[in-house]
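The next block holds one structure in the form of structure tokens; read it before the comments.
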Amino acid sequence: MRLAAFTADGHSHVGLVDPTGHTITALDVPGAQAAYGVLPIIQALAEGKPLPAATERRFHVEDVQLNAPLPRPRRNIWCVGRNYHAHAKELSASVFKDNDANPEAWPIVFTKVPECVVGPHDAVHVPSEVSEQIDYEAELAVVIGKGGKNIAKTAALAHVFGYTIVNDVTARDVQMRHQQWDMGKSFDTFCPMGPWIVTADELDGTRTRVRCWVNGELRQDGPTENMIFDIPTLIETISRGITLYPGDVIATGTPAGVGMGLKPPRYLRAGDTVRIEVDRLGAIENKFI
Ligand code: MG
């Protein structure tokens, strides 16, 4: 199923998107909970409770405002750096320059603050007063269902609730300046997410494709089979000594083709539009202002 968070008639709702992607049926979720999007449903299902009942209210997708499926994640978003070989190579002279001799021993893991999440069609603010190097990173994101700690690779996919798309928007100059990446990755509006969550029974995150266009020009195109660390390995790694909770998000890294990797680099400017599509999941498209 596809679970979406949306606003219609001035109220927050959570709903089931039909297989064609054209209509959404609202679920019977109280308004206060619906403001948290799909999160309360993921938590309830993890506790063995049933999916809320469908209501009679059905909307056309184009008549509603889609919100991020997790508009305010319960804590920071886990993110993975350097997870596609070609991307590792394109930034080997800059972002990944100082990495250890064996870059494939362990993944790079950092986080983005939950407050930077915006919806699949919301504007992203270019903070031109603090950065001149705003970049896009198209990514498949894993949403955790059943929580756990020290999750073995072999059991990891049973902990996946579903998948969504994120744009791991990055201020490259700030990312490089502070050694740790969290600041350059966490500016307000720097995590467009959506358009919904597709549950793991419908999408195999290990065999899909991530593409990104800037103003209609294809920049990134990576099959997820090309990940250096596959999704089970990422879950095993991040849950080592750290409990993962229902609704946790892991952005799995971006393929080659980011603006910084182009020669010369091409950064985003106000007025640009970035579209990200993941096969069998959907698309997000955000204007940078
Ligand atoms: Mg990234």
message: Please return the ranges of strands (runs of 3 or more DSSP E) entirely within the range 33-110 where 2 or more residues are farther than 22 Å from VAL142 by Cα and at pLDDT 95 or above.
response: 54-60
- prompt: Where residues in the range 222-250 are under 23 Å from ARG209 (Cβ atoms) and assigned to a loop (DSSP other than H, G, I, E, B), which of them is farthest from the ligand (Cβ to nearest atom)?
  reply: ASP230
query: Got a number for residues in the range 173-192 being under 15 Å from the mean Cα position of the chain (by Cα) and within 13 Å of the ligand (Cβ to nearest atom)?
result: 5
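Among the residues in the range 251-260, are any more than 18 Å from the chain's Cα centre (by Cα), more than 15 Å from the ligand (Cβ to nearest atom) and not aromatic (Phe, Trp, Tyr)?
At the first step, the residues of the range 251-260 found to be more than 18 Å from the chain's Cα centre (by Cα) are 259-260.
Applying the additional criterion that residues be more than 15 Å from the ligand (Cβ to nearest atom) yields none.
The answer is no, given that none of the residues of the range 251-260 is more than 18 Å from the chain's Cα centre (by Cα), more than 15 Å from the ligand (Cβ to nearest atom) and not aromatic (Phe, Trp, Tyr).
Just need a number here: residues in the range 33-92 that are β-branched (Val, Ile, Thr), in contact with a Gly (Cβ under 7 Å, 6 or more places away or on another chain) and within 30 Å of GLY261 (Cα to Cα).
The total comes to 1.
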message: Can you tell me which of (1) in a loop (DSSP other than H, G, I, E, B); (2) surrounded by 23 or more Cβ atoms within 10 Å (Cβ to Cβ) is the one GLY194 doesn't meet?
response: (1)
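Working carefully through the options ARG207, ARG211, ARG172, ARG219, find the one that is basic (Lys, Arg) and out of contact with any helix residue (DSSP H, G or I) (no Cβ under 8 Å at 6 or more places or on another chain).
Numbers: ARG207 fails: out of contact with any helix residue (DSSP H, G or I) (no Cβ under 8 Å at 6 or more places or on another chain); ARG172 fails: out of contact with any helix residue (DSSP H, G or I) (no Cβ under 8 Å at 6 or more places or on another chain); ARG219 fails: out of contact with any helix residue (DSSP H, G or I) (no Cβ under 8 Å at 6 or more places or on another chain).
Result: ARG211 is the single residue among ARG207, ARG211, ARG172, ARG219 that is basic (Lys, Arg) and out of contact with any helix residue (DSSP H, G or I) (no Cβ under 8 Å at 6 or more places or on another chain).
For the range 5-21, give me the residue count where each residue is surrounded by 11 or more Cβ atoms within 10 Å (Cβ to Cβ), outside any strand (DSSP E or B) and of a type outside the set (D, E, K, R). Before the answer, list the steps.
Going through the range 5-21, the residues surrounded by 11 or more Cβ atoms within 10 Å (Cβ to Cβ) turn out to be 5-8, 11-18, 21.
Within this subset, residues satisfying the condition of being outside any strand (DSSP E or B) are 18, 21.
The next check asks that each one be of a type outside the set (D, E, K, R); those that pass are 21.
Qualifying residue count, the range 5-21: 1.
Check the range 175-188 and report whether any residue there is surrounded by fewer than 18 Cβ atoms within 10 Å (Cβ to Cβ) and closer than 21 Å to ALA5 by Cβ.
Restricting attention to the range 175-188, the residues satisfying the condition of being surrounded by fewer than 18 Cβ atoms within 10 Å (Cβ to Cβ) are 176-180, 182-183, 188.
With closer than 21 Å to ALA5 by Cβ added as a condition, the list becomes 188.
Checked the range 175-188: at least one residue is surrounded by fewer than 18 Cβ atoms within 10 Å (Cβ to Cβ) and closer than 21 Å to ALA5 by Cβ.
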Top-ranked residue in the range 130-172 [being within 16 Å of the ligand (Cβ to nearest atom) and either in a helix (DSSP H, G or I) or of a type in the set (Asp, Glu) (or both); ranked as nearest to TRP213 (Cα to Cα)]: GLU137
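The values are calculated or read from the model by the stated rules, or taken from the named source; none is laboratory data. For clarity, every value in this text was computed on a predicted model and none was experimentally measured. For neighbour counting, all protein chains shown are included, and Cβ atoms are generated from backbone atoms with ideal geometry for every residue, glycine included.
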